[in-house]
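The values are calculated or read from the model by the stated rules, or taken from the named source; none is laboratory data. What you see is a predicted model, and the numbers here were worked out from it, not measured in a lab. Cβ placement follows ideal geometry from the backbone for every residue including glycine, while neighbour counts extend to all protein chains displayed. Accessible surface is based on the protein model in full, side chains and every heavy atom, while ligands, DNA and RNA are left aside. Shrake-Rupley method; radii C 1.70, N 1.55, O 1.52, S 1.80 Å.
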Amino acid sequence: MSLIDFPSNPSVGQTYIFNGIIYQWTGVTWAPGTAPLSLTGPTGTTGNTGSTGPTGPTGPTSLRGGRLTYVSTTALLFAPFFGGYININGVLYGIPSAGIAGLANTNVFIDGIAGQNLGANTTYFVYAFNNSGTITADFSTTGHVTSSTAGNTGTEIKSGDDTRSLIGVIRTDGSNHFQDIASARGVASWFNRRRRSIVATINNNSTTSVTFVSFGSGPSFLAWGDSIVDMQLTSYVTNSLSGDFGVSQVTDDVPNTIIQVTNFGLATSDTGYWGPTALYEPAEGWRTTTLKAESQAGTNTYSMSNITITGAVNI
(Lines give C-alpha, C1' and ligand atoms only; values in the text may rest on other atoms or scores of the structure.)
Protein backbone atom coordinates (compact mmCIF):
# COMPACT_ATOMS: atom_id res chain seq x y z
CA MET A 1 0.00 0.00 0.00
CA SER A 2 1.30 3.45 -0.99
CA LEU A 3 2.04 5.93 1.71
CA ILE A 4 -0.03 9.10 1.64
CA ASP A 5 2.02 12.21 1.24
CA PHE A 6 -0.10 14.64 3.30
CA PRO A 7 0.76 18.35 3.12
CA SER A 8 3.07 19.60 5.83
CA ASN A 9 1.96 22.21 8.34
CA PRO A 10 -1.76 21.95 7.54
CA SER A 11 -4.35 24.24 9.08
CA VAL A 12 -7.39 22.94 10.96
CA GLY A 13 -10.15 21.99 8.52
CA GLN A 14 -7.83 21.77 5.54
CA THR A 15 -8.73 18.90 3.16
CA TYR A 16 -6.69 16.64 1.01
CA ILE A 17 -7.92 14.12 -1.56
CA PHE A 18 -6.14 10.84 -2.19
CA ASN A 19 -7.48 7.94 -4.25
CA GLY A 20 -10.92 9.54 -4.24
CA ILE A 21 -11.07 9.87 -0.44
CA ILE A 22 -11.33 13.23 1.29
CA TYR A 23 -9.08 13.64 4.34
CA GLN A 24 -9.51 16.55 6.71
CA TRP A 25 -6.91 17.84 9.25
CA THR A 26 -8.47 17.94 12.71
CA GLY A 27 -5.48 19.58 14.32
CA VAL A 28 -4.24 16.16 15.52
CA THR A 29 -4.67 13.79 12.57
CA TRP A 30 -5.87 13.47 8.99
CA ALA A 31 -9.38 12.02 9.37
CA PRO A 32 -10.78 10.19 6.32
CA GLY A 33 -14.24 11.22 5.02
CA THR A 34 -16.50 10.20 2.09
CA ALA A 35 -15.69 10.16 -1.58
CA PRO A 36 -16.40 13.52 -3.21
CA LEU A 37 -19.13 13.95 -5.76
CA SER A 38 -17.78 14.34 -9.24
CA LEU A 39 -18.31 17.66 -10.98
CA THR A 40 -20.83 17.68 -13.85
CA GLY A 41 -19.06 17.60 -17.13
CA PRO A 42 -19.93 19.75 -20.17
CA THR A 43 -23.15 19.01 -22.07
CA GLY A 44 -22.63 16.72 -24.99
CA THR A 45 -23.63 17.54 -28.55
CA THR A 46 -27.32 17.22 -29.45
CA GLY A 47 -28.19 14.01 -31.19
CA ASN A 48 -30.02 13.76 -34.50
CA THR A 49 -33.79 14.46 -34.53
CA GLY A 50 -35.87 11.33 -34.54
CA SER A 51 -38.29 10.49 -37.33
CA THR A 52 -41.71 12.16 -37.35
CA GLY A 53 -44.45 10.09 -35.78
CA PRO A 54 -47.66 9.19 -37.59
CA THR A 55 -50.24 11.93 -38.21
CA GLY A 56 -53.04 11.94 -35.65
CA PRO A 57 -56.71 11.71 -36.59
CA THR A 58 -58.36 14.83 -38.06
CA GLY A 59 -60.42 16.71 -35.49
CA PRO A 60 -63.99 17.79 -36.17
CA THR A 61 -64.59 20.82 -38.36
CA SER A 62 -65.82 24.03 -36.73
CA LEU A 63 -69.31 23.75 -35.27
CA ARG A 64 -70.17 27.04 -36.94
CA GLY A 65 -69.94 25.36 -40.32
CA GLY A 66 -72.49 25.87 -43.05
CA ARG A 67 -74.28 28.80 -44.66
CA LEU A 68 -77.86 29.18 -45.84
CA THR A 69 -78.00 30.76 -49.31
CA TYR A 70 -80.49 31.55 -52.06
CA VAL A 71 -80.38 29.32 -55.15
CA SER A 72 -83.59 30.19 -56.99
CA THR A 73 -87.16 31.26 -56.33
CA THR A 74 -87.95 27.64 -55.41
CA ALA A 75 -84.71 26.40 -53.81
CA LEU A 76 -82.25 27.22 -51.02
CA LEU A 77 -78.95 25.61 -50.03
CA PHE A 78 -77.37 24.84 -46.66
CA ALA A 79 -73.93 23.40 -47.41
CA PRO A 80 -70.52 23.31 -45.67
CA PHE A 81 -68.82 26.69 -45.34
CA PHE A 82 -65.91 27.34 -42.95
CA GLY A 83 -66.82 24.00 -41.40
CA GLY A 84 -68.79 20.93 -42.23
CA TYR A 85 -70.66 19.94 -39.06
CA ILE A 86 -73.82 21.01 -37.28
CA ASN A 87 -74.83 20.27 -33.70
CA ILE A 88 -78.35 18.84 -33.36
CA ASN A 89 -79.59 17.83 -29.92
CA GLY A 90 -76.03 17.40 -28.64
CA VAL A 91 -74.80 15.26 -31.56
CA LEU A 92 -72.48 16.41 -34.35
CA TYR A 93 -73.69 15.61 -37.85
CA GLY A 94 -71.79 16.16 -41.06
CA ILE A 95 -73.36 18.60 -43.50
CA PRO A 96 -73.57 16.91 -46.93
CA SER A 97 -71.43 18.61 -49.59
CA ALA A 98 -74.53 18.96 -51.79
CA GLY A 99 -76.49 20.47 -48.91
CA ILE A 100 -79.19 19.20 -46.56
CA ALA A 101 -82.58 17.97 -47.73
CA GLY A 102 -85.89 19.78 -47.75
CA LEU A 103 -84.93 23.32 -48.77
CA ALA A 104 -87.68 23.99 -51.31
CA ASN A 105 -90.86 26.04 -51.16
CA THR A 106 -93.22 23.10 -51.77
CA ASN A 107 -93.51 19.57 -50.37
CA VAL A 108 -91.43 20.42 -47.31
CA PHE A 109 -91.58 20.01 -43.54
CA ILE A 110 -93.41 22.76 -41.64
CA ASP A 111 -93.36 22.30 -37.86
CA GLY A 112 -92.47 18.64 -38.32
CA ILE A 113 -95.30 17.85 -40.74
CA ALA A 114 -94.13 16.61 -44.15
CA GLY A 115 -95.59 17.45 -47.56
CA GLN A 116 -96.44 21.09 -46.82
CA ASN A 117 -96.16 24.19 -49.04
CA LEU A 118 -94.83 27.50 -47.77
CA GLY A 119 -97.31 30.36 -47.52
CA ALA A 120 -97.07 33.69 -49.33
CA ASN A 121 -95.60 36.79 -47.64
CA THR A 122 -94.57 34.77 -44.59
CA THR A 123 -91.42 34.79 -42.48
CA TYR A 124 -90.17 31.29 -41.60
CA PHE A 125 -87.29 30.32 -39.37
CA VAL A 126 -85.38 27.40 -40.87
CA TYR A 127 -84.25 24.58 -38.58
CA ALA A 128 -82.24 21.42 -39.26
CA PHE A 129 -83.23 18.06 -37.77
CA ASN A 130 -82.22 14.41 -38.05
CA ASN A 131 -84.90 12.78 -40.19
CA SER A 132 -84.09 9.08 -39.70
CA GLY A 133 -80.45 9.62 -40.62
CA THR A 134 -80.96 12.39 -43.20
CA ILE A 135 -80.34 15.99 -42.10
CA THR A 136 -83.45 17.84 -43.26
CA ALA A 137 -84.88 21.37 -43.07
CA ASP A 138 -87.97 22.15 -41.05
CA PHE A 139 -89.70 25.52 -41.57
CA SER A 140 -91.53 27.23 -38.73
CA THR A 141 -92.94 30.59 -37.67
CA THR A 142 -91.87 29.70 -34.11
CA GLY A 143 -88.87 31.73 -32.97
CA HIS A 144 -85.55 30.61 -31.57
CA VAL A 145 -83.78 30.49 -28.19
CA THR A 146 -80.37 29.42 -26.92
CA SER A 147 -80.50 25.91 -25.48
CA SER A 148 -79.54 25.32 -21.85
CA THR A 149 -80.04 21.54 -22.06
CA ALA A 150 -77.02 19.53 -20.90
CA GLY A 151 -75.05 18.35 -23.93
CA ASN A 152 -76.70 20.93 -26.18
CA THR A 153 -75.92 24.09 -24.22
CA GLY A 154 -75.28 27.14 -26.37
CA THR A 155 -76.92 25.79 -29.52
CA GLU A 156 -79.56 28.04 -31.06
CA ILE A 157 -82.74 25.98 -31.32
CA LYS A 158 -86.44 26.22 -32.07
CA SER A 159 -88.08 27.50 -28.91
CA GLY A 160 -88.84 24.48 -26.70
CA ASP A 161 -87.38 21.88 -29.11
CA ASP A 162 -83.75 20.74 -28.85
CA THR A 163 -84.17 18.46 -31.88
CA ARG A 164 -84.35 21.52 -34.18
CA SER A 165 -81.16 23.60 -34.66
CA LEU A 166 -81.46 27.04 -36.24
CA ILE A 167 -79.75 27.55 -39.62
CA GLY A 168 -81.50 30.68 -40.93
CA VAL A 169 -84.65 32.66 -41.65
CA ILE A 170 -86.48 33.38 -44.93
CA ARG A 171 -89.30 35.58 -46.18
CA THR A 172 -91.51 34.45 -49.07
CA ASP A 173 -92.96 36.87 -51.61
CA GLY A 174 -96.57 37.15 -52.74
CA SER A 175 -96.21 33.99 -54.85
CA ASN A 176 -94.72 31.96 -51.98
CA HIS A 177 -91.31 32.13 -53.69
CA PHE A 178 -87.93 32.75 -52.11
CA GLN A 179 -86.47 36.22 -52.78
CA ASP A 180 -82.99 37.70 -52.57
CA ILE A 181 -82.60 40.95 -54.49
CA ALA A 182 -81.23 44.30 -53.37
CA SER A 183 -84.71 45.74 -52.76
CA ALA A 184 -85.88 42.61 -50.88
CA ARG A 185 -83.26 40.59 -48.98
CA GLY A 186 -85.35 37.59 -47.98
CA VAL A 187 -82.72 34.97 -47.04
CA ALA A 188 -80.57 35.26 -43.90
CA SER A 189 -78.09 32.67 -42.63
CA TRP A 190 -77.57 32.12 -38.91
CA PHE A 191 -73.99 30.94 -39.51
CA ASN A 192 -71.28 32.74 -41.49
CA ARG A 193 -73.29 35.87 -42.24
CA ARG A 194 -72.46 38.20 -45.10
CA ARG A 195 -72.74 41.95 -45.58
CA ARG A 196 -75.57 42.33 -48.14
CA SER A 197 -76.45 45.52 -49.98
CA ILE A 198 -79.98 46.96 -49.86
CA VAL A 199 -81.19 49.46 -52.48
CA ALA A 200 -84.45 51.06 -53.54
CA THR A 201 -85.14 53.79 -56.11
CA ILE A 202 -88.23 55.93 -55.52
CA ASN A 203 -90.12 58.02 -58.07
CA ASN A 204 -90.01 61.83 -57.93
CA ASN A 205 -92.67 63.26 -55.64
CA SER A 206 -93.84 66.49 -53.99
CA THR A 207 -96.23 67.63 -51.26
CA THR A 208 -97.83 70.66 -49.66
CA SER A 209 -99.09 68.56 -46.72
CA VAL A 210 -98.09 69.80 -43.26
CA THR A 211 -98.20 66.22 -41.96
CA PHE A 212 -96.08 63.32 -43.20
CA VAL A 213 -97.23 61.54 -46.37
CA SER A 214 -95.66 58.54 -48.06
CA PHE A 215 -93.36 59.21 -51.01
CA GLY A 216 -92.76 55.50 -51.67
CA SER A 217 -91.33 52.24 -50.39
CA GLY A 218 -87.70 51.78 -49.47
CA PRO A 219 -85.79 48.48 -49.34
CA SER A 220 -87.10 45.50 -47.34
CA PHE A 221 -84.82 43.03 -45.59
CA LEU A 222 -84.49 40.36 -42.93
CA ALA A 223 -82.53 41.18 -39.78
CA TRP A 224 -81.30 39.27 -36.75
CA GLY A 225 -81.67 40.69 -33.27
CA ASP A 226 -77.99 41.69 -33.25
CA SER A 227 -77.87 43.09 -36.80
CA ILE A 228 -76.67 46.62 -37.48
CA VAL A 229 -77.88 48.28 -40.68
CA ASP A 230 -76.29 51.31 -42.27
CA MET A 231 -78.57 53.38 -44.50
CA GLN A 232 -78.31 56.47 -46.69
CA LEU A 233 -80.96 58.64 -48.34
CA THR A 234 -79.90 60.66 -51.39
CA SER A 235 -82.04 63.11 -53.38
CA TYR A 236 -82.41 66.53 -54.94
CA VAL A 237 -84.83 68.66 -52.90
CA THR A 238 -86.74 71.83 -53.79
CA ASN A 239 -88.83 74.31 -51.81
CA SER A 240 -91.10 76.55 -53.91
CA LEU A 241 -91.05 79.44 -51.41
CA SER A 242 -87.99 81.28 -50.21
CA GLY A 243 -87.23 80.63 -46.54
CA ASP A 244 -89.66 77.73 -46.21
CA PHE A 245 -88.60 74.14 -45.67
CA GLY A 246 -89.63 70.54 -45.93
CA VAL A 247 -88.81 67.47 -43.86
CA SER A 248 -87.89 64.01 -45.18
CA GLN A 249 -87.68 60.84 -43.12
CA VAL A 250 -87.11 57.12 -43.61
CA THR A 251 -89.02 54.88 -41.19
CA ASP A 252 -89.53 51.17 -40.74
CA ASP A 253 -92.69 49.19 -39.97
CA VAL A 254 -92.13 49.02 -36.18
CA PRO A 255 -92.15 52.11 -36.55
CA ASN A 256 -88.64 53.49 -36.00
CA THR A 257 -87.35 56.70 -37.55
CA ILE A 258 -84.09 55.76 -39.23
CA ILE A 259 -83.25 59.04 -40.98
CA GLN A 260 -84.83 62.49 -40.65
CA VAL A 261 -83.58 65.69 -42.23
CA THR A 262 -84.94 69.24 -42.61
CA ASN A 263 -84.28 70.97 -45.95
CA PHE A 264 -84.50 74.77 -46.18
CA GLY A 265 -85.06 76.75 -49.36
CA LEU A 266 -82.66 79.69 -49.47
CA ALA A 267 -84.37 81.21 -52.48
CA THR A 268 -87.46 80.62 -54.57
CA SER A 269 -87.28 77.16 -56.13
CA ASP A 270 -83.94 76.52 -54.45
CA THR A 271 -82.59 73.05 -55.21
CA GLY A 272 -80.00 71.13 -53.19
CA TYR A 273 -78.53 67.64 -53.25
CA TRP A 274 -77.92 65.79 -49.99
CA GLY A 275 -77.26 62.29 -48.64
CA PRO A 276 -77.76 61.86 -44.88
CA THR A 277 -76.67 58.52 -43.37
CA ALA A 278 -77.54 56.57 -40.24
CA LEU A 279 -76.64 53.40 -38.33
CA TYR A 280 -79.74 51.50 -37.30
CA GLU A 281 -80.42 48.50 -35.05
CA PRO A 282 -83.66 46.94 -36.28
CA ALA A 283 -85.91 44.52 -34.47
CA GLU A 284 -85.44 40.91 -35.59
CA GLY A 285 -87.56 39.78 -38.52
CA TRP A 286 -88.78 41.17 -41.83
CA ARG A 287 -88.37 44.94 -41.96
CA THR A 288 -89.97 47.23 -44.53
CA THR A 289 -89.00 50.88 -44.96
CA THR A 290 -90.89 53.93 -46.23
CA LEU A 291 -89.85 57.41 -47.35
CA LYS A 292 -92.12 60.14 -45.96
CA ALA A 293 -92.15 63.91 -46.34
CA GLU A 294 -94.00 67.02 -45.19
CA SER A 295 -93.96 70.76 -45.93
CA GLN A 296 -93.62 73.57 -43.43
CA ALA A 297 -96.78 75.23 -44.76
CA GLY A 298 -99.46 74.39 -47.26
CA THR A 299 -98.32 77.25 -49.48
CA ASN A 300 -94.85 75.70 -49.92
CA THR A 301 -94.38 72.81 -52.32
CA TYR A 302 -91.66 70.50 -51.08
CA SER A 303 -90.27 68.28 -53.85
CA MET A 304 -87.81 65.40 -54.03
CA SER A 305 -86.25 63.89 -57.15
CA ASN A 306 -83.58 61.33 -58.07
CA ILE A 307 -84.39 59.53 -54.83
CA THR A 308 -82.37 56.50 -53.72
CA ILE A 309 -82.18 54.66 -50.41
CA THR A 310 -79.10 52.47 -50.04
CA GLY A 311 -77.46 50.53 -47.25
CA ALA A 312 -76.16 47.18 -46.05
CA VAL A 313 -77.24 44.52 -43.57
CA ASN A 314 -75.21 41.66 -42.07
CA ILE A 315 -77.17 38.47 -42.81
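Taking H placed 1.01 Å from N in the peptide plane, check which residues at least 5 places from Arg164 or on another chain put their amide H under 5 Å from its amide H.
Lys158
With the contact rule set at Cα under 8 Å and sequence spacing of 6 or more, what percent relative contact order holds for segment 86-240?
Contact order relative to length: 17 percent.
Segment 89-108 to segment 216-262: how many Å between their Cα centroids?
Using only Cα atoms to place each centre, the spacing works out to 39 Å.
Picking from Gln179, Gln232, Gln14, which is most flexible by a Gaussian network model of the chain using Cα springs under 10 Å?
Gln14
Leaving out ligands, DNA and RNA, what percent of the accessible area of the chain is carbon and sulfur, probe 1.4 Å?
It is 51 percent, rounded to a whole number.
Got the relative contact order for the chain handy, in percent, Cα pairs under 8 Å and 6 or more residues apart?
The value is 14 percent.
Arrange the residues Tyr273, Tyr124, Tyr70 by how much accessible surface each exposes, largest first, with a 1.4 angstrom probe.
The most accessible residue leads, giving Tyr273, Tyr70, Tyr124.
Given a 10 angstrom Cα cut-off, can you work out which residue in Ala31, Ala150, Ala128 is the most mobile in a GNM of the chain?
Evaluated over the chain, the most mobile residue of the options is Ala31.
With a/c under 1.5 counting as rounded, go ahead and sort segment 112-199 into rounded, prolate or oblate using the C-alpha gyration tensor (a ≥ b ≥ c being the square roots of the eigenvalues; past the cut-off, prolate if a/b is larger than b/c, else oblate).
oblate
Distances longer than 38 Å among the Cα atoms of the chain: what percent of all pairs is that?
On the way: 22863 of 49455 pairs.
The answer is 46 percent, as a whole percent.
Could you tell me whether segment 48-141 comes out rounded, prolate or oblate from its Cα gyration tensor? Rule is a ≥ b ≥ c as square roots of the eigenvalues, rounded for a/c under 1.5, then prolate if a/b exceeds b/c, otherwise oblate. Intermediate results must be reported in sequence, preceding the final value.
Values: a/c = 3.61, a/b = 2.66, b/c = 1.36.
It is prolate, given that a/c is not under 1.5 and a/b is the larger ratio.
Take the alpha carbon atoms of segment 280-296, find their center, do the same for segment 133-150, and report the distance between the two centers in whole angstrom.
For segment 280-296 versus segment 133-150, the Cα centre distance is 31 Å.
Hey, can you rank 235-245, 81-91 by average C-beta count inside 10 Å, highest first?
Packing order, densest peptide first, comes out as 235-245, 81-91.
Tell me, what ³J(HN,Hα) does each residue in segment 14-30 have, in order and in whole Hz, if you take phi through Karplus 6.51 cos²θ - 1.76 cosθ + 1.60 with θ = phi - 60° and put x for Gly and Pro?
Ordered by residue, 3J(HN,Hα) equals 5, 10, 8, 10, 9, 6, x, 10, 8, 10, 10, 7, 8, x, 10, 8, 8 Hz.
Hey, in the GNM for the chain with a 10 angstrom Cα cutoff, which one of Pro42, Pro276, Pro32 fluctuates hardest?
Per the Cα network of the chain with a 10 Å cutoff, Pro32 tops the list.
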